[in-house]
Amino acid sequence: MSVAVDGSGRLLLVSGGVIDVASAAPTFDYYISTSGSDSNSGTLASPWAITSLISNNSNNSKMKSKRVGFLPGTYNVAGTSGVSGATTIGNGSYPTNNDYCALSIPLGTSTASTYIGTSDSSGHYSPRTATIYVVSGQVSSSTNVWYNAILGCDYIASGNFYVTIDGLVINGNGLDSTAAGNEGAHIIFFHAYPTNFNTPQTALGVVVQNCELYGINATDSGGNDAAVWVQGVDGAIVQGCYIHDCNKTSQVDHCHGIEGYSNQYCQFIYNTFYNCTGGAVESKVGCHNNIAAYNYIYSCSLGTGGSNTAVFQGWDGGETALGAAVAFQIHHNIMDSCGRVSYGEWFNANHEDGFYWYNNTVYESGQADCDCTGVWGQHYNNLYVVSGNASGVATFTNPNTSPLAYDAVYSVTGGSYTGAFSGMTESGLTTGVDPKFIPGTTNIVAGGGPSQFALQGSSALINAGFTGGTSGGTVCNIGAWDGVVTQIGCGFGPYA
């Protein structure tokens, strides 16, 4: 694992491994417990209550640039008072436009982020020991409809965030939102700068890692619902998380694991996604240069009722096209039994920025679709495995003529490969019947995790590709498997 910080203060992943931005100190400055009180001192022996994270609580400002640890337990919360067994969270005076959070984290600084993590009973960091369980919402105690997001930072008009959320489990329990004006149901929420979606913004310092986030069942119309919402953020990192069961009853293509607006240089890496019916990650309007890599994605983008549904929806530079000057990168992901895997939704699905799709393994999933207005689409070293005929697994319109090479298509039943890559001139194509995954795995099990997609030493795909998709690049494998199976997915949960 190697990390660098660029001149703008962004964290950058240089080589394989999950970035661990937790402080070397294993303990915390303040603690929160299920039995704590806001009148306590916040120490391990005298912890605060979860209500200390409400923005107008007197303890909230004390958390700025400090490490705050949730002690083990389940924190039952509700948006209205009087719910049995639940703590009321949120400030009722907040506007109802979802620019605010029921639990609000104070901003940190460039030298000391505000760090919200989970702790063992001894006060040392331990991931996923604490669960926030959303019992009911803000509209009434009989529904789970919210005006605000559950946890994050309130809207900022200038400056940076410098906030890390590490190791929390948040169960939205069917979280819903009231209407499109709220911009959807959100579990974790960051929003910076102007309301103009079209231009990438520069608020630094957002990290969400090692969390389990789930339980959205939205019914709103026109809003965009997501477990993690990031808007106006530069260099956000969402990594090592298990994000699942994010669904919507209509407008399915408006509900995702992660939703981004007007972001740049964000990294969505080493996550596991399951049952996000609208897709895993959307980089929507105003986004540029974002990366999705080393994710394991199972049974996503399978919903109906939304024409743009895809595992990676958007990623097109829509509304503010910068062309070849910038590039989205989607690489080393495993898509297992999903629907359509990519789709640019702006202006008849055109990609108006660079779109580099490489070293992905797509197993029994839908089409990769890239319609580029220019010659900026690159597609290489990808592996597609399908039942029956393999026609149309990837469609590129107006593609770059090079590199579009060294891809592989296998039909597990020996079907046809004719027209597998529509609109593409493919060189170095490998076809066959058996992709030769990990020894002893005769049949891939849907949802069986990333390890089953390892390549046997006898596979024709080992050292059959080239970095950059040209013969001048370094020799590498075709597909997502690059030799270390733990490099893909979050490493915990039922699909690890």
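Quick one: length gained pulling Thr249 to Ser81 fully straight, 0.36 nm per residue minus the C-alpha distance?
Between Thr249 and Ser81, full extension yields an extra 57.7 nm.
Using a Förster radius of 22 Å, what is the FRET efficiency between Ala157 and Thr199 based on their Cβ-Cβ separation? Nearest 0.05, please.
Working: r = 15 Å, r/R0 = 0.67.
After rounding, the FRET efficiency stands at 0.90.
At a Förster radius of 60 Å, what calculated FRET efficiency corresponds to the Cβ-Cβ distance of Ser471 and Asp29, to the nearest 0.05?
Numbers: r = 54 Å, r/R0 = 0.91.
That pair, Ser471 with Asp29, gives E of 0.65.
Under 26 Å from the Cα of Lys248, which lysines turn up, not counting those fewer than eight places away in the same chain?
Reachable lysines: Lys284.
Modelling each spin label as a point 7 Å along the Cα-to-Cβ direction, I'd like the Val445/Glu364 distance in nm, to one decimal.
Spacing of the two 7 Å Cα→Cβ label points: 1.2 nm.
Roughly how many nanometres apart are two label points built 7 Å out from the Cα toward the Cβ at Ser427 and Asp120?
About 5.6 nm separates the two model spin labels.
FYI, it's all coordinate maths here, none of it is from the lab. Keep in mind that what you see is a predicted model, and the values were worked out from it rather than measured. Neighbour counts run over all protein chains shown; Cβ positions are idealised from the backbone, glycine included.
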